[in-house]
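Read through the structure below, which is laid out as structure tokens, and then see the notes.
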Amino acid sequence: MKVRSLLFLFAVTSVSLFSGLATLPVTARVATPDRLEILRTIGRSSHTPAHEMVTQALVVQDLYHDMISLPVAPADQVCPEYIIANYQLTFFAHNVVVQKANALRGMCQPVTLGNYDIRVATTKFWGLMNKAFAAGKPISTPASSTPTPSFSTLKRVEKE
């Protein structure tokens, strides 16, 4: 009888303990960027691009958080090839690349975060970009080499 009581007590304790663990939130450690590299070219010019590094963490983090929360671009959107400027953004956290993105200032203003992840820049995003430009320090050579995307790389490819 004692053995059954102990087994029952053990089972109840185990179930309550494991069910309590199952409800604990699982938090992944997400790196918060502390530095931003910006490589910008004006329109389709062949001039040497401006290359800057932003090290003011608050400016970098505000832009990063706004960028990843931008609205998704409509799948059927057709954009004319009118480009004012192209911005290649590389966000770093402790010298490790956290996110690469490409922002085009033009008619549709797409911000490409990945192959199938195209967002639409907002007025707030461009305001934060202006703050990043103001905080940026010129650097001579690119720390990361990201090719300038052509408009064909911005077309959505539907997953099969």
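The values are calculated or read from the model by the stated rules, or taken from the named source; none is laboratory data. Everything quoted here is computed from the prediction, not taken from an experiment. Here the Cβ positions follow ideal geometry from the backbone for every residue, glycine too, while neighbour counts run over all protein chains shown. SASA here: full protein model, heavy atoms, side chains in, ligands and nucleic acids out. Shrake-Rupley method; radii C 1.70, N 1.55, O 1.52, S 1.80 Å.
Considering the conditions (1) over 22 Å from residue 110 (Cβ atoms); (2) at pLDDT below 95, residue 53 is excluded by exactly one of them, (2).
Condition check for residue 95 on (1) under 15 Å from the mean Cα position of the chain (by Cα); (2) open to solvent by 90 Å² or more (accessible area, probe 1.4 Å); (3) modelled with pLDDT of 90 or more: one failure, at (1). How many residues does the range 95-126 contain that are in a loop (DSSP other than H, G, I, E, B) and β-branched (Val, Ile, Thr)? Going through the range 95-126 one residue at a time, the tally reaches 1.
Residue pairs whose Cβ atoms lie under 6 Å apart, sitting 6 or more positions apart in sequence or on different chains, and linking a residue in the range 50-63 that is of a type in the set (S, T, N, Q) to a partner that is assigned to a strand (DSSP E or B), are 55/35.
Only residues that are part of a loop (DSSP other than H, G, I, E, B) and at pLDDT 50 or above were counted in the range 127-160, giving 4.
In summary, residue 84 fulfils each of the numbered conditions (1) more than 11 Å from residue 109 (Cα to Cα); (2) surrounded by 11 or more Cβ atoms within 10 Å (Cβ to Cβ) with the single exception of condition (1).
Residues considered: 72, 78. Of these, the only one that is under 19 Å from residue 106 (Cβ atoms), surrounded by fewer than 16 Cβ atoms within 10 Å (Cβ to Cβ), modelled with pLDDT under 95 and in contact with a Cys (Cβ under 9 Å, 6 or more places away or on another chain) is 78.
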